[in-house]
Structures are given as C-alpha cells and as structure tokens.
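*Asks:* One structure, as structure tokens, below. Some questions next.
The values are calculated or read from the model by the stated rules, or taken from the named source; none is laboratory data. Remember, it's a predicted structure, so these values are computed and weren't measured experimentally. No Cβ is skipped: glycine too gets one built from the backbone with ideal geometry, and neighbour counts run over all protein chains shown.
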C-alpha cells in the first residue's frame, strides 16, 4: 500500500526526514511513533502529497506521490494535526462539500455522508455549525471527512491530540473498527495509543526510522533480562543473601520499605523465570510473601532506549 | 471540472456565511444610492445627455467603493485557509492549484457581480419616472457596467494574488489596497507629466479616463485588452504562489 524508499526532506537549515525507507502492506494498522519534531508530520505530509520530498520516492497504492499526485489523493483520507475545518459551515454542508470535492457522485453523496456520520457518531450533529462544536466532535468531523470517499488508505496525524480521556477511548475504538476495512497509518507520541490500536510500530527519531516491529516483538528484542519484583517480610540481610544465592539471579536490589515488608528488585538471566525459586525460598524460610511478579519492559522504556529521549519531550 | 464547480459554489456561499459580505453590500448600496441621488439632482438641473452615466461610473464614489471593496472581498480567500490549516485538507483533496485559484477568484467575481445587480434598478426608475423620453442611453449604461466589470475583475485578481502570498488577512488587504492604489494613481500622472510621450504613456493606464470613456459608451479595445491581460497575469502569479509550498 505504501512504499517509501530513501525519502529525504530538507527545510532551510534542517533535515526533517533523513533517508527513510519503509513499506506498509494493505490491511495493516501502523503506528508512527516519535517525539515532537522527529519528522512524523513531515513524512505524513509527503505521503499525502502536501509537500514534495527533497529526494527519494514514495508510492501509495502503486502511484508516485509527486508524479501521480491526483491519483494518490483520490485514494487516501488524510486527517492533518488538529483536524482543520471551516468553522462557518454546518457539519452536513461540510461533509457534502468534501465528498463532492473528492469525486463522490451527487447521487451517492447523501448516502455516503449519512454513512460516515453514523460511523463517527455524528448522527444528530448534521445541522450544527462546526465552529460551535467541541474538540471531540470536531475531531469526529475530521475523521468523517477522511472516510467520506471510502479511501483505501487513512493517514491520521495525531488523531487523539487534545481530546479528553473518554473521547480518546472513543476515537481509538473507531480507529480499531476502521482497521477492518482500511489500511491505516497513524502518528502519535502517546505510547499506550500505539499498543491499543496498532499491529506494527515505526519509531522515528531525528528523521530516521530506528525500529519497525510489532509492539510485542519490540519488547521481546529489548528485554535485557527477566526482572522480577517481590515483597517479602523477613530479615532484610538474610532475604537478600538468600535471593542472591538462587540460580539464574544476577543481582538483587532492595527497594522501598512498608512496615515489616520490603520490596526487592531481582534481575534474572535472559530468558529465565526466577519466580518459582523465589517462592520456594520464602516458603522454606517461613517468610511471608505478598507480591511476586515479573516485570516487562514498557514501550516507554523501549522508546527511551531507542531514541535517548522520553516520549513527549521536545528534541533539543 | 466537477470539483471546480463544487469549490466555486462553496467560495461564493462562504461570502454569505460571514457578516462581512453584508457589510460590503450595505456600504456599496449606500454609496451608490448617494451617487444616484446626485445623478437625479443633475438631471433636474438640466439636460445632461450622455454624461449622466459618468455620474455613476466615473465619480469619486465609484473609485472609493472599488478601491475598498476589492481588498476586503479577497483578503481572506487564502490567508484564512492558511491560518486555520484548512489549506492542508484542501490541497490534499484531488484538486489542482489552477482549479483552486480559479474557483476562489470566480467566487469573488461572482459576488462582485451580485453587488452590482441592484443598481440596475436605477435605470428602471429613471425610465419610469423621468419626463424625458430617454433619460439614459443604453450604450453608456452597458459601457459603464462593462468598465466596472473589467476594472473590478482586475482589482479582485490583485487581491487573490495578495491573499495567496500573504500570511495574514490584514497583510493581504493592505498589500492589495496599496497595489491597486498605486495603479489607480499612476493614471493621474497623465495630467502631471511634462513631456508629450510620458503623458500618452500614462494615459494608456489611466483607469479614471478609461471609465469615463466606458461611461460615455465608448468601448475601446485597448483598455479591454489591458485589464484582461493584467487579470490573467495576476491569476497566473497567484497559481504560482499557491504552488510555491512545493518548492520549499
């Protein structure tokens, strides 16, 4: 569906996208992840034919975004950041205008508009003036506009930006529902969003793709070792020495204290599980144990280890 | 072509969705109503003949209205899309730059034509109530309207270009006002220039004398060609300005 090869975009004095190559197959839902200013929006703008690339090529559905720009634009639904709309128009008016603009026939127009309104939860909002709608509703109108010509590919730039938590969940659910019929590329700097809706993640940092994999696989690859957390009530020194003596345990670090309870962070060797041994040790010594769990790397940690910055942090 | 009509309709409708259109209309009709009153007054004074239409189409009021209306009608065409970001949704729809510029321009021009329609009543009123058999000749009247259309079309195209280049509405309006103002005053050098050659050269671009000619019923092809080609040039430049984001 999308094929990007050696794509580079330079603005005066800065390289926004630097030799990026990736492919997206039909039917995929791909999250485009990066800190603010990493080059997400620029890449999406090139794909949606708004900006030309400095060098390299990008193809959407087999058409080059520069040479066959009109063909590409007929096949994509692009939602720019912040869902820009005409505030003085009514929702129905706007959607009908956009449908006609994107080549939906007059006969099909009314039906298509009704359909996308139903799907985006705008059933009763048709007569309302866009300028008076809340942020969440405006985002839905933007999404409805994306869908109105039934495009093969949806390109969504930060679709949940500025929404309240309930709206975020609604929009994510909508995207998940859309994934059954469309290929979706969405950008975000919110990590849980990627885990919630995407089957594949592209991580971009300073204009370069640094990782491309499923969220689970990324976690697997970056797992340095098995980390377990336990809370045991017992003499601290003894517990610690006991834990350190277990097979496969690399290191033990005592953590916070809560009355008689103390938390220990245990690093195990790669691919091992130290939890049964920890349980047995506690049982053998008669130490009460109230927590024992394995900790997985979160996407946040993966992100930091790949990009060297925390998500949402501005690039220096 | 289909989506060109869609865009053009939207642009024209957009005027009526904002209060500005009504403000311009009221201003326009007030000033021309006053012009008409002056004209009736002149007719009462004595037979003025063909110069009657010059009261309407060649007066100071005509120029004030045109010089103010053109920037106001065109300033938001592109700047608003740029500030709200809708330029991005617009240009990522399957439309061409030429289509967008022409739709916006023709939307503005259509509104401008609509502004003039009520003034047709003036001719009808004169016919109905004047004791003279022919208080206004058809020729000067048609000439006057043609002149107003040509000059208006050119001024609006300057406005479209300014809006495509500028970042903010006010910038676009000021730039347009300055540009058409300079063009307007260039014509006056015909009266000030010392040498014969310079006087002739300035007379060619004197909008004031063009309009006085048109309102006498004299349709010279030279000013027609001048305004049509200048309009085309402005629109061509506007298309390039909209395309400019592709060169950055």
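*Asks:* Considering B:164, B:237, B:190, which residue is over 30 Å from residue A:55 (Cα atoms) and more than 14 Å from every other protein chain (Cβ to nearest Cβ)? If you could, list the steps in order and put the result at the bottom.
*Replies:* Working: B:164 fails: over 30 Å from residue A:55 (Cα atoms); B:237 fails: over 30 Å from residue A:55 (Cα atoms).
Checking each option against the conditions leaves just B:190.
*Asks:* Just for strands (runs of 3 or more DSSP E) wholly inside region A:139-238: which have at least 1 residues that are under 18 Å from residue A:76 (Cβ atoms)? Explain how you work it out, then say what you get.
*Replies:* Working: elements: A:153-157, A:183-188, A:200-205, A:208-213, A:227-233.
The qualifying strands (runs of 3 or more DSSP E) are A:153-157, A:183-188, A:200-205.
Here is a yes/no grid of residues against (1) surrounded by 13 or more Cβ atoms within 10 Å (Cβ to Cβ); (2) modelled with pLDDT of 85 or more:
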site	(1), (2)
B:123	yes, no
B:132	no, no
B:166	yes, yes
B:184	yes, yes
B:210	yes, yes
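*Asks:* Could I ask something else about it? Run down B:93, B:21 and say which single residue is in contact with a helix residue (DSSP H, G or I) (Cβ under 6 Å, 6 or more places away or on another chain), within 14 Å of chain A (Cβ to nearest Cβ), more than 22 Å from residue B:111 (Cα to Cα) and buried (at least 18 other Cβ atoms within 10 Å of the Cβ).
*Replies:* Numbers: B:21 fails: more than 22 Å from residue B:111 (Cα to Cα).
Only one candidate qualifies: B:93.
*Asks:* Separate question: Could you please find all residues in region A:1-26 being touching a strand residue (DSSP E or B) at 6+ places or on another chain (Cβ under 6 Å) and in a loop (DSSP other than H, G, I, E, B)?
*Replies:* Selection gives A:1, A:26.
*Asks:* Is it true that some residue in region A:21-29 is facing chain B (nearest Cβ under 10 Å) and either on the phi < 0 side of the Ramachandran plot or crowded, with 23+ Cβ neighbours inside 10 Å (or both)?
*Replies:* Keep residues of region A:21-29 that are facing chain B (nearest Cβ under 10 Å), which gives none.
No - not one qualifying residue is present in region A:21-29.
*Asks:* Looking at the structure I just gave you, is residue A:45 modelled with pLDDT of 90 or more, surrounded by fewer than 22 Cβ atoms within 10 Å (Cβ to Cβ) and at the interface with another protein chain (Cβ under 9 Å from one of its Cβ atoms)? Full working, then the answer.
*Replies:* Numbers: modelled with pLDDT of 90 or more: yes; surrounded by fewer than 22 Cβ atoms within 10 Å (Cβ to Cβ): no; at the interface with another protein chain (Cβ under 9 Å from one of its Cβ atoms): yes.
Against the criterion (modelled with pLDDT of 90 or more, surrounded by fewer than 22 Cβ atoms within 10 Å (Cβ to Cβ) and at the interface with another protein chain (Cβ under 9 Å from one of its Cβ atoms)), residue A:45 does not qualify.
*Asks:* I would also like to ask the following. For the condition in a loop (DSSP other than H, G, I, E, B), farther than 19 Å from residue B:25 by Cβ and touching a helix residue (DSSP H, G or I) at 6+ places or on another chain (Cβ under 9 Å), what is the one hit in B:174, B:167?
*Replies:* Working: B:174 fails: in a loop (DSSP other than H, G, I, E, B).
Answer to the selection: B:167.
*Asks:* Checking residue A:58 against (1) touching a residue at least 40 places away in the same chain (Cβ under 8 Å); (2) more than 27 Å from residue A:302 (Cβ to Cβ); (3) surrounded by 17 or more Cβ atoms within 10 Å (Cβ to Cβ); (4) away from every other protein chain (no Cβ under 11 Å), which single condition isn't satisfied?
*Replies:* (2)
*Asks:* Scan region A:73-93 and tell me whether some residue there is assigned to a helix (DSSP H, G or I), surrounded by fewer than 22 Cβ atoms within 10 Å (Cβ to Cβ), at the interface with chain B (Cβ under 10 Å from one of its Cβ atoms) and touching a residue at least 40 places away in the same chain (Cβ under 8 Å).
*Replies:* We begin by selecting, within region A:73-93, every residue assigned to a helix (DSSP H, G or I); these are A:73-75, A:91-93.
Imposing the further condition that a residue be surrounded by fewer than 22 Cβ atoms within 10 Å (Cβ to Cβ) reduces the set to A:74-75, A:92-93.
Filter once more, so that each one left must be at the interface with chain B (Cβ under 10 Å from one of its Cβ atoms): A:74-75, A:93.
Then drop every residue that is not touching a residue at least 40 places away in the same chain (Cβ under 8 Å), which leaves A:74-75.
Within region A:73-93, one or more residues are assigned to a helix (DSSP H, G or I), surrounded by fewer than 22 Cβ atoms within 10 Å (Cβ to Cβ), at the interface with chain B (Cβ under 10 Å from one of its Cβ atoms) and touching a residue at least 40 places away in the same chain (Cβ under 8 Å).
Yes/no per residue for (1) touching a strand residue (DSSP E or B) at 6+ places or on another chain (Cβ under 8 Å); (2) surrounded by 19 or more Cβ atoms within 10 Å (Cβ to Cβ); (3) more than 14 Å from chain B (Cβ to nearest Cβ):
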| site | (1), (2), (3) |
| --- | --- |
| A:168 | no, yes, yes |
| A:175 | yes, yes, yes |
| A:188 | yes, yes, yes |
| A:203 | yes, yes, yes |
| A:218 | yes, yes, yes |
| A:228 | yes, yes, yes |
| A:237 | no, no, yes |
| A:240 | yes, no, yes |
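*Asks:* Is it the case that some residue within region A:96-114 is within 12 Å of chain B (Cβ to nearest Cβ), part of a helix (DSSP H, G or I) and in contact with a strand residue (DSSP E or B) (Cβ under 7 Å, 6 or more places away or on another chain)?
*Replies:* Let us first name the residues in region A:96-114 that are within 12 Å of chain B (Cβ to nearest Cβ), namely A:96-106, A:109.
Now narrow it down to the ones that are part of a helix (DSSP H, G or I): A:96-101, A:106, A:109.
After this cut, where a residue has to be in contact with a strand residue (DSSP E or B) (Cβ under 7 Å, 6 or more places away or on another chain) as well, the list is none.
So far as region A:96-114 goes, no, none of its residues is within 12 Å of chain B (Cβ to nearest Cβ), part of a helix (DSSP H, G or I) and in contact with a strand residue (DSSP E or B) (Cβ under 7 Å, 6 or more places away or on another chain).
*Asks:* When you look at residue A:39, is it in contact (Cβ under 8 Å) with a residue 40 or more places away in the chain, farther than 17 Å from residue A:154 by Cβ, in contact with a strand residue (DSSP E or B) (Cβ under 6 Å, 6 or more places away or on another chain) and more than 10 Å from chain B (Cβ to nearest Cβ), yes or no? Let's see the steps before the verdict.
*Replies:* Values: in contact (Cβ under 8 Å) with a residue 40 or more places away in the chain: yes; farther than 17 Å from residue A:154 by Cβ: yes; in contact with a strand residue (DSSP E or B) (Cβ under 6 Å, 6 or more places away or on another chain): yes; more than 10 Å from chain B (Cβ to nearest Cβ): yes.
Criteria met by residue A:39.
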